[in-house]
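Just so you know, all these numbers are worked out from the coordinates, no wet-lab data involved. Note that the coordinates shown come from a computational prediction; the quantities given were computed from them, not determined experimentally. Positions of Cβ are generated from backbone atoms using ideal geometry, with glycine treated the same way; all protein chains shown enter the neighbour counts.
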């Protein structure tokens, strides 16, 4: 899934003009040659090291890149979370399970990038959007498949034989990265670099391979194989809601060179593949509880990172999606935040209601009380406002804005 | 204001012509986007505020399509390292940066009935949406008089996607329904401390003229 | 990732390469009081990043491990020789934790700060974005107390930040078209590459004051692939690049003025 937040294909008209396989895929939503999960076998074993000169060169550069990423202050330092994810790799990593590394970086976008030397970078934006362990493990399985099937070096060699604009992008990524003394591993450029790498490395076929193998790895590890299709389904729905809020249509041309299958076609293929690997009578688990326990600590931060971007449609979708497992104070609070930041006519009332409902839950964060108090104060309900603000100060006496809130209470 | 570091710089660079290769490089590119501010009282923003800097500063020229008339940016060592921004009389319903209705992520509009926490939340969103900020921490929010009104002082720090921690302080107040604010944002290592005295002097000297 | 996000993450690096591409120049700036190090000084070379690749048919830069290692070791040898010729002793930092008594995080913080400072120097001294307050001041940037603390803890007098990059056309040569700055609007700023090119910068920080006392950018671009510029995989080429970058370190303006006054 190292394909960027949205991997849309070419738009329909272009596809139909070009004709052929692509057009068929676009029209029916199903790739005419679905890769069979049963055909996907690992091409590498444990402790793999490259032999060919060009692969060795690529490996060496990537080692440098990994050094930079590992040393970046954008990486989330949470040993418990790291060991949880290592545990997931162990289940779906196949022969390379012990060789994998995962770096979780604090960037609020939906993305994951697999590097050819066996390490993956997962953005916190992706982690936020995963509802359960099966979905997260599905992402890991997909990335693992890119590595197990040696996609990077295959695509790299494939691209070399074509004289096309991708080569320029490869060059610009390398040279521009070097131009200001910034290593290609610098996470500041990673979002772009990840996109470039993904554009270069993974064409439609390789993405389909990773989907097919990922589904198989997921099922073999005892997870619900439909989880991977769900992830795409969620992303599409989120984008639709985001675009709807901004009164526009969901963008279909994000992936500049259209090398990826559309999310719709991937979803369709994934559903078929999932059915294929599902063995009757076996109980497949989504493992929601263990997932929630593992990410419980970081989830408030990730919700915060997302909501403060003020993309109301996307944030609303995410909150509602997570709330399928049950509403709580945290989710109601962020609902209020979404409205407060959106601030259209009537949103002040909605936000006030959101905070008022959040504080009814035992897990309401202290911030909910402060905003509840401010909303009450603006509505002229002074006594209630005072009570709410006092409650805030009681819960967080050393809050950074305590001085200001105390003054609000006095005046 | 133009985005704090990345976008503003990026847009500035896009207006530069490619180097013609005629020796000398540097100043052959064209006119700099910076003009000199002398160490004496000067108007900022839309002219409704006057401040007196204790030493010379560099004023960033407005960029077409990006600039907001009520906002002005200064820098001492370049926007990647430090900057002081002035917001003068921003009206209710306006934003600190130019954005289109169709942008996915948007900086919230200012509203005249905003409390200080709402104004600071607006600033935080500005950094996250436009400034490439991935982590933002409020260090303090306290009352502070400004322009003769009951204003606020906001202290914060943030980690940006270039891996640099930056620190900031903003002092502001809503006057007659309009926002007045002076904000310092600089690299946490060395540059914030070295520009803070100037910021405080400028803030104390600030007076509203209309 | 939307194009806007790409632009946001683009940062400075990509755009620097666009603006500088196509120029052939070495230009150095120094603090007005700068005297090139001589005598018995200790120089810390921060993690040098050297990458060399081969430009294949289609223009892809294919990194070659053997070339990279060879270029790196030759560049460092040339560096040691060049600096030894001026006295002093050189210590090269291989990894962030290579310096005893100094934590990896300390080095990391300094690298990050320098990256912002180095980018600012390039922007405001090399790309025409002059800051009026810095006119006639030579080089007026500092890394502050963090650099001074590093000097004290490590016992080093100067820190050199160095980046070098070189690429060579291999057998099938291709001249790629210029995509130009217009490409930036779509989210990718493709550099002006005609074939192979060298790009490097060096920045010298005086660890006793924390100030950047000398800065030099070297950038050459061959418009026709196949012409080799001082191949840095060879002893001669590496020495040439080091010489271009560091060998002609000129004293600062005040020092030159004093020297002229004496003659």
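Among the residues of A:339-350, the average count of other protein chain beta-carbon atoms within 10 Å of the residue beta-carbon is 2. Here residue A:288 and residue A:344 are evaluated by their C-beta separation; at R0 = 35 Å the FRET efficiency comes out at 0.55.
Model label points for residue B:55 and residue A:378, set 7 angstrom from Cα along the Cα-to-Cβ axis, are 4.2 nm apart.
Normalising the Debye intensity of the range A:297-410 to I(0), with uniform scatterers on Cα atoms only, and taking log10 at q = 0.13 Å⁻¹ returns -0.47.
Diagonalising the gyration tensor over the Cα atoms of the range B:79-210 and scaling each eigenvalue by 5 before taking the square root yields semi-axes of 22, 20, 12 Å, largest first. Counted by neighbouring Cβ atoms within 10 Å, the residues C:215, B:199 run from fewest to most as B:199, C:215. Legend: mean number of C-beta atoms from other chains within 10 angstrom of residue C-beta atoms, peptide B:78-90, equals 3. Take each peptide in A:277-287, B:120-130, A:81-91, count the other Cβ atoms within 10 Å of every residue, and average; sorted highest first, the result is B:120-130, A:81-91, A:277-287.
From least to most packed, judged by other beta carbons within 10 angstrom and beginning with the fewest, B:95, A:383 follow the order A:383, B:95. Other protein chain C-beta atoms within 10 Å of residue C-beta, averaged over B:99-110: 5.
Along Cα→Cβ, 7 Å out, is where each label goes; now give me the distance between the ones at residue C:261 and residue C:137 in nm to one decimal. Each label point lies 7 Å from its Cα, and together they span 2.2 nm.
Can you tell me the FRET efficiency between residue B:135 and residue B:176 if r is taken as the Cβ-Cβ distance and R0 is 51 Å, rounded to the nearest 0.05? So, using R0 = 51 Å, E works out to roughly 0.90. Placing R0 at 51 angstrom, the Cβ-Cβ distance between residue C:254 and residue A:67 gives a FRET efficiency of 0.80 after rounding to 0.05. In terms of the mean number of neighbouring beta-carbon atoms within 10 Å, the peptides C:73-83, B:151-161, A:342-352 order highest first as B:151-161, C:73-83, A:342-352. Label-to-label distance, residue A:410 versus residue A:97, with points set 7 angstrom from Cα along the beta-carbon direction: 6.2 nm.
The ranking of A:245, B:180 from fewest to most other beta carbons within 10 Å of each one's beta carbon is A:245, B:180. Where the centre of each part is set by its Cα atoms, how far does the range A:327-354 sit from the range A:375-396, in angstrom? What the calculation gives is 17 Å, centre to centre.
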